[in-house]
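To start, the structure itself, in structure tokens.
The values are calculated or read from the model by the stated rules, or taken from the named source; none is laboratory data. Please read all numbers here as calculations on a predicted model, not as lab measurements. Every residue, glycine as well, gets a Cβ built from its backbone with ideal geometry; the counts of neighbours run over all protein chains shown.
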Amino acid sequence: MSRIETAFFEIGSLDTLAGGDTFVHRLDPRAKVVTTLIFICCVVSFQKYQLSALLPFFIFPAVLLTTAQLPVGFLLKKLLFVAPFAFFIGVFNPFFDQTILFHVGPVGISGGWVSFASIMLRFCLTISMALILIATTSFNGVCMALEKIGAPRVFTVQLLLLHRYLFVLVGEASRLVKARALRSFNGRGTGMTVFGHIVGQLLLRTLDRAQRIHLAMQCRGFTGEIHQMRLFRFGWHEFFFTLAWSAVFLILRFYNLSQLLGGFLLEFAQ
Amino acid sequence: MSHHIVAVKDLEYTYPDGTPAIQGVSFRITHGESVAIVGANGAGKSTLLMHLNGYLTPREGSVQVGDFPLTKATVSDVRRSVGMVFQDPDDQLFMPTVFDDVAFGPLNLGLPAEDVKVRVSDALSRMDVLHLKDRPPYKLSGGEKRAVAIAAVLSMSPDVLVMDEPTTGLDPRARRQLIAQLDSFQHTKIIATHDLDLVLDLCQRTIVIHAGKVMADGPTLEIFNDGKLLERCHLEKPLRLQGCPVCGRD
Amino acid sequence: MHMADALLTPAVGGTMWAATAGTIAYCSRKVKLEMDDSKVPLMGVLAAFIFAAQMINFTIPGTGSSGHLGGGMILAILLGPYAAFLAMASVLTVQALFFADGGLLALGCNIFNLGIFPCFIAYPLIYRPLVGESPSQRRIFLAAIVSAVFGLQLGAFGVVLETVLSGVSSLPFNTFVSLMQPIHLAIGIVEGLVTAAVVLFVWKARPEILKYADSARSLCGLSLKKVLVGLAIVTVVTGGSLSWFASANPDGLEWAILGVTGSEEVEEGESGLHAALAWLQECFAFLPDYGFAQPETSSEKVAEEAAEAWPAVDAGTSVSGLIGGIMTLALAALIGLLLKRRQRPQVG
């Protein structure tokens, strides 16, 4: 329970971050959504044993984090929080893939360890970008971008309503849970039957609320379409942002910058 | 503008399970009046309000708002002239930002973007909440939510304002401010509430409802001084009209 | 369990995205055609309810651990398949964006695994027939449990297939399946019990709500076949083409770029075709004994793969890669710091 509750506080703080006013925040959401998707595709398209070529990709989150003035610690913490699944699956690689790929001094490094590290790197890159996207764009912005890109209106409207009532319903649920905890002793009262009643109650209340919301919409002229005023513009800034970063990603994708730089340094040292 | 009339005649309503909710209610409210509808829990206030905005259409009796008798065909016209403020502002503020929410109604009326902007900022400034324009509704305090919910209704320029318990959940200061703001409106106001002190401040006329029937309809002060009537309807004199508990004086 | 970006290749992720996006578009049209505007707030608020309900947990008797409500089945029962799928898709989108569950590329997989299976397979093919025309307490109970278990098993199998097809993880198919399915059997039973408890509560308190979803049933029964067929076609076509891209040259993106620019290495095409055939062969063969990297049998293959991936596996390039990697990381951090310093005066 505490996990979910804190997670909801974090939704609030991500929304607060999205209220910032920097160059990145001001960009049209579409530019950010498209660039992020290209970034993710580039990152995951690497071979499973690739490590060094992935590292230069950190430049994108690093630049965005600083230009958008986001707190690094907060995002790192969120990253750690969701790491288990990728870790759980990836950690099997060293067991199943024991071919030695290369040696560092006397220690042989197996393919499994390399691909495990690669999975964790991919994980850091892709997840941190998803978080940065929402922290600079706001949920509302992402929804608008999705709609402009072609997502059906029914779907985006529903996403907005979900986000709006998340907080209201989570508040209700947490009050129910507290009320139950205060009157449950020795594990009695937290079983299935009571659970069914509580969730059922919450569901009925939710259905009533949906009806009231529908009424409130109708009272203000709702006939099935939700109109919103769009204040975004895809201008030169957006165009350059998307184009320049996509170019960077493609270059990094096809030229292993780490390898080149390292080779250059070694040569220089000799 | 004599057409801002709300007239209810012999209205009856029975719940689907057969429980009678409203049994022959009649009243007539004219332009610019400010009327309180008071009654105990379950007296039928909410059901009555549901008829005023066309959520329920009368099966027995009639409801007339302005020039339109309320029927399925006229519902949208009625809704345009009656602004309904809900008891729980969370039900009413469903859009992602305050601006979007207040613009929701005017955009549905099909107004051009420039007009919508003007209407939104007018409505928000009238409730002194223009600075909240870009905030998401879930980050507002109770008082702010209430103010925005009212602004969202004002932006449609309704002729009649119908409010359900406008002061629940407000702290004393927010309540006081809301009362002052409501008092400054020229609209015809219909307020359903338990807050009888609010009624003293805002409404010259009170309609008392009990068990689905109109028990009294007249000047507020006259009704509030009728202790027997109030008791019969499970109500109580507003605190300001009760004797002082310390010195015992009326 | 959520699929993660880190385990996916663009081909698999892209295929699932295409399938999911198609289904979202289809369901949106369906919901719109129903012309019931009260469904708009209902779907959004019920999706939020799924989150809220997940905060409420209960103790599983005898184990001391706790369970909570899953999403897809209860939504399907309350809303009917189309609206439920959209609501579930939005739940997962919010999870991907705010809780970083899985990531954006994996979102397609997750919506497929946790949305399509319960809404378009478990609900119409198991729940509805089991509940029948005249629902009773026992029927609802049984139907909810069986359909929840079945839906979740399919979802878990989806995760396994997507992971194994991507090949980023070295987990052999057999091991992964025998790991995932039993875990999800347990989770599915718990989820089924919970779904049953909630549905029964609603059925007793306000039976008309469940009838509401039923009324949409004729609609769903009529075109379910179309949905499935359409889905299959979309999956096969996009999957086929994308994976051909992907396997023609293991890097799909590289291949595409080369194809567009039309430059260098024409002989790549031949080996590309070969690789595609090999991939097909693998696909057909993987059920009996598809082990990616079982050390004894296929170490050569791994070595081959490794050699391909790591252009020259000798100490020299590895070290240069390592040094260079650290350098670029430092560079990225430095650029970040510089940008930050430049910004301070503006802020202060």
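Does segment C:97-105 contain at least one residue that is within 26 Å of C:Val202 (Cβ to Cβ), modelled with pLDDT under 85 and acidic (Asp, Glu)? Looking for residues that are within 26 Å of C:Val202 (Cβ to Cβ), modelled with pLDDT under 85 and acidic (Asp, Glu), one finds none in segment C:97-105, hence no. For segment A:102-120, the candidate set comprises residues that are surrounded by fewer than 20 Cβ atoms within 10 Å (Cβ to Cβ) and in a helix (DSSP H, G or I); within that set, the residue that is nearest to the other protein chains (Cβ to nearest Cβ) is A:Met120. From the list B:Val25, B:Val35, B:Val8, the one residue that fits, being more than 20 Å from B:Gly83 (Cβ to Cβ) and not basic (Lys, Arg), is B:Val25.
Can you find a residue in segment A:214-237 that is farther than 25 Å from B:Leu111 by Cα and of a type in the set (S, T, N, Q)? No; the residues of segment A:214-237 include none that is farther than 25 Å from B:Leu111 by Cα and of a type in the set (S, T, N, Q). Considering segment B:62-73, the residues that are within 14 Å of another protein chain (Cβ to nearest Cβ) and crowded, with 22+ Cβ neighbours inside 10 Å include one that is farthest from B:Thr14 (Cα to Cα), namely B:Val65. Any residue in segment C:166-178 that's more than 7 Å from chain A (Cβ to nearest Cβ): show its pairings with residues that are at pLDDT 80 or above and part of a loop (DSSP other than H, G, I, E, B) at Cβ separation under 7 Å, as long as the two are six or more apart or on different chains. From segment C:166-178, the pairs are C:Ser166/C:Leu8; C:Ser166/C:Thr9. For segment C:70-86, state whether one or more residues are at the interface with another protein chain (Cβ under 7 Å from one of its Cβ atoms) and either in contact with a His (Cβ under 9 Å, 6 or more places away or on another chain) or surrounded by 24 or more Cβ atoms within 10 Å (Cβ to Cβ) (or both). Yes, some residue in segment C:70-86 is at the interface with another protein chain (Cβ under 7 Å from one of its Cβ atoms) and either in contact with a His (Cβ under 9 Å, 6 or more places away or on another chain) or surrounded by 24 or more Cβ atoms within 10 Å (Cβ to Cβ) (or both). As for segment C:99-113, it holds no residue that is farther than 22 Å from A:Thr206 by Cβ, among the aromatic types (Phe, Trp, Tyr) and touching a His at 6+ places or on another chain (Cβ under 9 Å).
For segment C:135-153, the condition holds for no residue, the condition being that it is crowded, with 21+ Cβ neighbours inside 10 Å, within 11 Å of chain A (Cβ to nearest Cβ) and over 21 Å from C:Lys204 (Cβ atoms).
Every residue, every condition in (1) more than 27 Å from A:Leu17 (Cβ to Cβ); (2) within 10 Å of chain A (Cβ to nearest Cβ); (3) more than 21 Å from the chain's Cα centre (by Cα); (4) not hydrophobic (A, V, I, L, M, F, W, C), yes or no:
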| site | (1), (2), (3), (4) |
| --- | --- |
| B:Asp101 | no, yes, no, yes |
| B:Pro106 | yes, yes, no, yes |
| B:Asp128 | yes, no, no, yes |
| B:Glu144 | no, no, no, yes |
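Are there helices (runs of 4 or more DSSP H) fully within segment B:141-250 with at least 3 residues that are closer than 28 Å to A:Gln218 by Cβ and in contact with a Lys or Arg (Cβ under 9 Å, 6 or more places away or on another chain)? List them. So the answer is B:142-154, B:172-184.
Table: residues versus (1) farther than 16 Å from B:Lys213 by Cα; (2) within 14 Å of another protein chain (Cβ to nearest Cβ); (3) among the hydrophobic types (A, V, I, L, M, F, W, C).
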position	(1), (2), (3)
B:Glu60	no, no, no
B:Val75	yes, yes, yes
B:Gln87	yes, yes, no
B:Val98	yes, yes, yes
B:Leu109	yes, yes, yes
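Restricting attention to segment A:210-251, the residues that are hydroxyl-bearing (Ser, Thr, Tyr) and exposed (fewer than 13 other Cβ atoms within 10 Å of the Cβ) total 1.
Annotation note: of C:Leu46, C:Leu33, the sole residue that is facing chain A (nearest Cβ under 7 Å), on the phi < 0 side of the Ramachandran plot and not β-branched (Val, Ile, Thr) is C:Leu46.
Going residue by residue through segment C:124-131, is there one that turns out to be buried (at least 24 other Cβ atoms within 10 Å of the Cβ) and more than 9 Å from every other protein chain (Cβ to nearest Cβ)? Yes, there is a match, as at least one residue in segment C:124-131 is buried (at least 24 other Cβ atoms within 10 Å of the Cβ) and more than 9 Å from every other protein chain (Cβ to nearest Cβ). Return a yes/no flag: does segment A:173-193 have any residue that is of a type outside the set (D, E, K, R), at pLDDT 85 or above, part of a helix (DSSP H, G or I) and touching a Phe, Trp or Tyr at 6+ places or on another chain (Cβ under 7 Å). No, the conditions are met nowhere in segment A:173-193.
Test B:Asp226 against the criterion of being of a type in the set (D, E, K, R), within 24 Å of B:Ser26 (Cα to Cα) and touching a residue at least 24 places away in the same chain (Cβ under 8 Å), and give yes or no. Here the answer is no, as B:Asp226 does not meet what is asked. In the set (1) out of contact with any Ser or Thr (no Cβ under 8 Å at 6 or more places or on another chain); (2) under 28 Å from A:Val168 (Cβ atoms), the condition left unmet by B:Asp195 is number (1). The one condition from (1) modelled with pLDDT of 90 or more; (2) within 12 Å of chain A (Cβ to nearest Cβ) that B:Ser121 does not meet is (2). For segment A:70-100, the set of residues classified as at the interface with chain C (Cβ under 7 Å from one of its Cβ atoms) and outside any helix (DSSP H, G or I) consists of A:Phe92, A:Asp97, A:Gln98, A:Thr99, listed by residue number.
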